[in-house]
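J.: First, the structure itself, so that you have it in front of you.
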Amino acid sequence: MLLNFHDSANIISALANYGPPKKCLSLSEKWVILEKVLPAPPRRGRYRLSMNDSEIIRRDLRPALVFLSGELIAVPIPLEREVVILGRALEAEIRVNDTQVSRQHARILTEKNPETGRDEYILNDLNSRNGTLLNGHRITKEKLTNGDKIAIGDTILRFDLLDEIDREYQRQIHRLISHDDLTGLLSSRSFFSELKREASRATAENRPFCVLMMDGDYFKGVNDTFGHLTGSKTIEEIGQAIMINLRTGDAAARFGGDEFAAFLLDAELPQALVAAERIRASVAEKEFSVVRPGQTSLTHHITLSIGVSSFPDDSSDPIELVEMADSALYRAKREGRNRVAAYRDLDPSELTRHLPPRRA
């Protein structure tokens, strides 16, 4: 069963409003709720349902680790390989950005039980500095069972055997946590998490990238003139204008209010300035919706100021890059708004230097 975005919103709303907040829903209870919000399933599904006795036969159970804390909270990571390494290293299959985690901290090995023919999942500590805990006990090697809690450093993960509904449920829970509900862009927390990962990758691979900070000009006037519904619609449409001007792999976030951020992969500063100018022009030329009953044709205009910083020329620290881009943003505001400003002045040779196309 494939679920679209609108289905997902209904799923989360329905499950969130079901029963006491701490109630653990069984699959049969989830299905009763999901039947009300999902389109009819295909005739030959993966489930045999008998609502009289709540009998459900689950198939296609797949192993996964679900983050219960840290930057990737609620993210289900499928265990698709025979050997999966957990650690801080870039090459780890499940990378945990936690200073208390060793580079190669633990391993999950899939083994076939010769008697039952079923897969079993074995957790091994790899002589880590701070150890691996399973359900609160330090271990060296243990077999995992459904629901086991694994703690490495300050990060907690749960080993789960997930069916199709569970996997979709976890993905949508993560989306709610990691994305801004108005624009669909990343939340500020998720943006910083992705930015830190990109900085580590760019350092290892010697690749540049740039950070953009963006802010609406005189946005308060939109709320004062047209009302807060129009203001919210304007923020949503600015987010759309930003996304359609980014490449696959780039990331954008809403920081709050009318403040946005983005990072551009494999981009030198001149390339980032071109991309930022494209975003600025797109917003300046757009007719934004005015939300008023019976006046659907009304529109208004707003502009965007943008600041840009570059890795590694301005800084190799992701937090500093955001601060530098923010400083450049306020420089653009001071110089008249509706413009793009870089944190540092470009040398004329940088503007004329031939640059290879950005890698996809």
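The values are calculated or read from the model by the stated rules, or taken from the named source; none is laboratory data. None of these values were measured; they are calculated from a predicted model. When we count neighbours, we look across all protein chains shown, and the Cβ atoms used for this are built from the backbone with ideal geometry, even at glycine. Quick note on the areas: whole protein, heavy atoms, side chains included, nothing else; ligands and nucleic acids left out. Shrake-Rupley method; radii C 1.70, N 1.55, O 1.52, S 1.80 Å.
J.: Rg/Rh for the range 258-307: what does it come to with C-alpha atoms and Rh from Kirkwood?
T.: Rg divided by Rh gives 1.14.
J.: When only DSSP loop residues count, what trypsin sites (Lys or Arg not before Pro) in the range 225-254 have their Cβ near at most 13 other Cβ atoms within 10 Å?
T.: Working: sites: 233, 247, 254; in loops: 247.
Those that pass, being in a loop and sparsely packed, are 247.
J.: Picking from 191, 226, 144, whose Cα lies most toward the positive end of the charge dipole for the range 128-256 (charges on Cβ: Lys, Arg +1; Asp, Glu -1)?
T.: Ranked along the dipole, the leading option is 144.
J.: So which trypsin sites (Lys or Arg not before Pro) in the range 89-187 are both in a DSSP loop and have at most 12 other Cβ atoms within 10 Å of their Cβ?
T.: 118, 129
J.: Would you mind pulling out the separation of the Cα centroids of the range 175-235 and the range 77-107, in Å?
T.: Rounded to whole Å, the Cα centres lie 28 Å apart.
J.: A further question follows. Mind checking the per residue accessible area of the range 248-294 for me, 1.4 Å probe, whole number of Å²? Mind showing how you got there, number by number?
T.: On the way: 1830 Å² over 47 residues.
Value for the range 248-294: 39 Å² per residue.
J.: What percentages, rounded to whole numbers, describe P(r) for the range 227-341 computed over all alpha carbon pairs with 5 Å bin width beginning at zero?
T.: 2, 11, 20, 24, 19, 11, 6, 4, 2, 1, 0
J.: Please go through the residue pairs 149/196; 112/141; 196/333; 196/233 and name each one whose alpha carbons sit more than 24 Å apart in this structure.
T.: Exceeds cut-off: 149/196; 196/333; 196/233.
J.: Can I ask one more? Where the accessible area of the range 244-349 is counted over protein heavy atoms with a 1.4 Å probe, how much of it, in %, is carbon and sulfur?
T.: 46
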